[in-house]
Amino acid sequence: MRSFIIRRLLLFVTCFAIGCSGVSVTKHPQSDLNIHAVCMAYMDSIQPNGKGPLDIEPIKKALRDAGKNPEETLISPNDGLAYGIVWGLNPQRDNSKIMVFEKKGKDGKRQVVDMRRNPFYLTEEEFKKAPFPNGFDPEK
């Protein structure tokens, strides 16, 4: 009986300590979640030859397969526009290139993701100098 009480007391103390530990859960902005989902859908759509998708359909399918609504996920909450996507990138060769980006952004910054799957923000000046593939114009 005594060991039962001790075990219950230890369980209570442990649960109380965990419950009061002050652990917080980080809530990511919807823009981070969307651009990351588009990035992962792009990566899931890499062709057998190593090239990224050549149009939006494989990305839409990958988003649906991941339980996402493509019509919502492909729109940036920051500017209300569809994300710009660079088609046909090869993750082995183009690993520092921008693959998904906001067309206008918000507050003078645009969110982008490179082939290393790192989302980050660029000022307009930085965006103009961003590493896009040769010949790609993000303003078109």
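What follows draws every value from the coordinates through simple rules; no lab data is involved. As the structure is a prediction and not an experimental result, all values here were calculated from the model. Cβ atoms come from the backbone with ideal geometry, glycine included; neighbour counts cover every protein chain shown.
Output the relative contact order of the range 28-128, whole-number percent, from Cα pairs under 8 angstrom with separation of 6+ residues. Working shown, then result.
Values: 165 pairs, mean separation 24.5, N = 101.
It comes to 24 percent, rounded to a whole number.
For a protection proxy built on the mean count of beta-carbon atoms within 10 angstrom, sort 80-87, 133-140 highest first, please. Mind dumping the intermediate values first?
Working: 80-87: 16.8, 133-140: 9.1.
Result, highest mean first: 80-87, 133-140.
Which peptide among 111-117, 46-52 comes first, and what is the full order, when sorted by highest mean count of other Cβ atoms within 10 Å? Numbers along the way, then the final one.
Details: 111-117: 20.0, 46-52: 12.7.
Those peptides, ordered most packed to least, come out 111-117, 46-52.
Each of the peptides 120-130, 66-76, 95-105 was scored by the mean count of other Cβ atoms within 10 Å over its residues; in descending order, highest first, they stand as 95-105, 66-76, 120-130.
Proximity of backbone amide H atoms, modeled 1.01 Å from N, is registered between Phe136 and no other residue at under 5 Å, excluding neighbours fewer than 5 places apart on the same chain.
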